[in-house]
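What follows draws every value from the coordinates through simple rules; no lab data is involved. Every value quoted in this text rests on a predicted model; they were computed, and no experiment measured them. Reconstructed Cβ throughout: ideal geometry from the backbone, glycine too, with neighbour counts over all protein chains shown.
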Amino acid sequence: MEQDIDGEARAARRDAAVRAAVEQGLLGPEAPLAGLLDVVGIRESAAALRAAFDAVVAPGTPVLHAFAVKAAPLVPVLRLLAGEGLGAEVASPGELALARAAGVPPERTVLDSPAKTPQELREALALGIAVNADNPQELDRIDGLMRSAEATGSAEATGSAEATGSAGTTGSAGSRSPLGIRVNPQVGGGSIEALSTATATSKFGVALRDDGAREWVVRAFLDRPWLTRLHTHTGSQGIPLSLMAEGVAAAYALAEEINERAGRRQVDTLDIGGGLPVNFASDETAPTYAAYARQLRAAVPGLFDGRYGLVTEFGRSLLAKHGTVVARVEYAKSAGGRPVAVTHAGVQVATRTVYAPGAWPLRIAAYDAGGRPKGGPDVVQDVAGPACFAGDLLAVGRALPLLEQGDYAAALDTGAYYFAHHYAYNSLARPGVYGFAPDGEGGVAFAVVREPQPVEAIVAEAGGAHADALTSGLTPRAARPSRG
């Protein structure tokens with residue numbers, strides 16, 4: 001049965017949290033900006049994801065739902081999701097460090113990136129983290145690391161055998177890491193080009209429809225028995241479910257071809273990526289994980305018959321609707337006859353919305369100075385941010401109850417890719433982030449996810465410890481002898 005996520009209940013929790021944040025001092029004249037995360041909502045989304053795939057896979061099928069850390073690189077969030085049975089998909093040393101700090105075990109971690117260094121690969125193989133090679137050059141690097149690991153293992157085993165008088169053995173793979181190749185099925189793009197990763201010229205993966213590419217992938221598997229996974233990801237926001245299913249179907253067909261030519265089940269796991277779009281137009285959760293899982297089962301029935309393990313890498317869809325950026329209205333003014341609410345939330349927290357408003361519009365909710373939903377007639381107005389350029393606008397010509405000085409403007413559906421991805425324009429500070437949940441007594445309890453950034457930290461990040469580096473810290477080179 002489809003897991004139901006009640007948008008009205010979520011909106012009610014959000015309203016209660018905004019009011020409680022004002023009453024408890026997390027928002028106010030001295031704290032004009034904060035990010036709020038709905039813990040109940042996040043748990044509901046995780047449960048909905050698990051239930052959706054449990055309903056379509058064969059009993060006993062190994063399934064790993066690896067949260068895309070880039071969507072919300074916050075250690076407490078990763079710890080919360082790990083407690084809900086999710087792993088982590090990482091794409092940099094920093095994201096791997098965050099996942100490890102959150103306690104996500106290596107066997108529930110997947111490394112994806114188009115630019116992995118030798119050291120990143122070496123660390124992943126040593127830890128036993130799953131790795132998807134992006135291209136032939138990266139696979140060459142992995143070959144070398146695997147040979148090195150195998151040689152080291154053989155030497156250790158030989159030494160052990162000499163010491164004990166028994167025969168020593170070592171695994172042929174040389175690493176515990178599940179290893180695979182990322183392929184680009186080149187099925188096309190969606191409505192947002194920057195987030196379409198299966199176009200003809202996408203930078204990700206091996207382009208399957210290029211001349212010779214498919215045969216290269218098949219041969220790569222046949223030559224390497226330790227390659228056991230295929231990975232694909234068609235894109236995220238703006239990608240229709242039908243196109244996502246088409247990309248998965250292409251990877252499944254390739255896995256079937258590899259296994260047939262190998263004469264055995266060499267590919268045992270398909271990593272189908274994430275990318276479920278989010279509805280930014282209302283509180284409704286649409287599309288749902290259950291709808292996507294059903295569409296996949298209809299399009300690729302063999303994917304769920306138990307022969308293949310599954311990995312998913314959802315991010316935005318798990319967090320977006322459970323986060324709210326709340327900003328105090330510092331000033332209310334008028335320009336050209338249109339009201340303008342100048343707030344503390346702009347390009348530094350909503351970078352995509354400010355620079356590409358057509359692709360990333362946000363709903364704005366109006367709250368009064370006490371944090372209560374604001375009533376009154378709608379007035380067409382602009383909601384501006386604090387940065388010093390004219391385009392720093394959260395919303396233009398938006399009909400809302402008139403925002404006045406001391407009120408609050410809330411940018412909704414911002415739990416992913418917003419307040420956790422700070423853009424340091426004008427050296428604006430990162431806002432505090434707080435998780436919230438019912439306190440059991442009719443109120444709201446908060447927990448600090450990330451402290452507000454102090455000005456001293458901004459100075460430190462800007463080289464404050466090296467203030468004299470360019471004026472007295474440079475050592476002149478010795479003068480070269482003249483040739484004259």
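Structural remarks
- Distance (nanometres) between label positions extended 7 Å along Cα→Cβ at residue 389 and residue 284: 3.6
- Farthest toward the positive end of the dipole of the chain, out of 379, 279, 396, is the Cα of 396, where the dipole comes from beta carbon charges about the Cα centre.
- Partners for residue 374 among aspartates and glutamates (Cα-Cα distance below 15 Å; same-chain residues under 8 apart left out): 15, 404, 407
- Angle between the chain longest axis and helix 213-223 axis [Cα atoms, degrees, rounded to 10]: 50
- With 0.36 nm allotted per residue and the present C-alpha distance subtracted, the residue 359-residue 404 stretch has 13.4 nm of extension available.
- Degrees between helix 7-23 axis and first principal axis of the chain (Cα, 0 to 90, nearest 10): 60
- Sequence-separation-based contact order of the chain, relative, with Cα cut under 8 Å and 6+ spacing, percent: 17
- Taking the DSSP bridge list for the chain and keeping only pairs wholly inside it, about 50 percent are antiparallel.
- The chain, dipole about Cα centre (Lys/Arg Cβ +1, Asp/Glu Cβ -1), debye to the nearest 20: 820
- Computed E for residue 422/residue 30 - FRET, C-beta separation, R0 22 angstrom, nearest 0.05: 0.65
- Only one residue of 440, 145, 300 has its Cα farthest out toward the positive end of the dipole of the chain, where Lys and Arg carry +1 and Asp and Glu -1 on Cβ, and that residue is 145.
- Inter-label distance, residue 457 to residue 379: 3.6 nm, where each label sits 7 Å from its Cα along the C-beta direction.
- For the range 1-102: rounded, prolate or oblate by the Cα gyration tensor [a/c cutoff 1.5]: oblate
- Cα-centre dipole for the range 321-466 with unit charges at Cβ (Lys and Arg positive, Asp and Glu negative), debye to 20: 360
- For the chain, leaving out every one of the chymotrypsin sites (Phe, Trp or Tyr not before Pro) that falls in a DSSP loop and has at most 16 other Cβ atoms within 10 Å, the longest unbroken run is 1-279.
- Cross-link partners of residue 116 among aspartates and glutamates (Cα-Cα below 16 Å; sequence separation of 8 or more within a chain): 89, 95, 134, 138, 140, 143
- Cα→Cβ-extended label distance, 7 Å offset, between residue 305 and residue 140, nm: 3.9
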